[in-house]
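Asks: Pasting a structure here, questions to come.
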Amino acid sequence: MTHNTTRRSVVRGAAWTVPVVAVATAAPAFAASSLVCTPTAECKLPGEGSNTKDYAIRTGCVTGSPVATVEVYDNQAAVWIAATLQDDGTWLAPQFNDSRRSRSVRITDTAGSVDISIVDFAPC
């Protein structure tokens, strides 16, 4: 039995496989995280040391599970510093130097989804 492969049969087969590949590769990106946040920070209290301030962080999360942790990246020490949840629903990030205005904020929800944003910390 002879099979003739024509240009038309190749194009017809490709037309069916391309959409399947596009859908299969796009799906994991949507499944990676259901957490969508737009955090903001505002000066709350003077810190303990000179030139340091405490900041209240509002997570601005609109989807995902409840927020479990909020952390701010300290570039000088190269570590994530945990913020503490306050009674008013904000998270308190303690003891940051005002000279560095933009900081990375990592928010994790109870389902394990993570959102990392760059947040501008206003001068106090």
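Here, each number is a calculation from the coordinates, and none is a lab measurement. Remember, it's a predicted structure, so these values are computed and weren't measured experimentally. When we count neighbours, we look across all protein chains shown, and the Cβ atoms used for this are built from the backbone with ideal geometry, even at glycine.
Asks: Quick one: net charge around Asp115, please, counting Lys, Arg +1 and Asp, Glu -1 for every other residue with C-beta under 15 Å from its C-beta.
Replies: So the surrounding residues net to +1.
Asks: Convert each backbone phi in region 108-118 into a coupling constant with the Karplus relation 6.51 cos²θ - 1.76 cosθ + 1.60 (shift: θ = phi - 60°), then list the ³J(HN,Hα) values in order as whole Hz, x for Gly and Pro.
Replies: Once rounded to whole Hz, the list reads 10, 9, 5, 8, x, 6, 10, 10, 10, 10, 8.
Asks: Would you order Glu71, Glu42 from fewest to most other beta-carbon atoms within 10 Å of each residue's own beta-carbon? Mind showing how you got there, number by number?
Replies: Values: Glu71 20, Glu42 12.
With the sparsest Cβ surroundings first, the list reads Glu42, Glu71.
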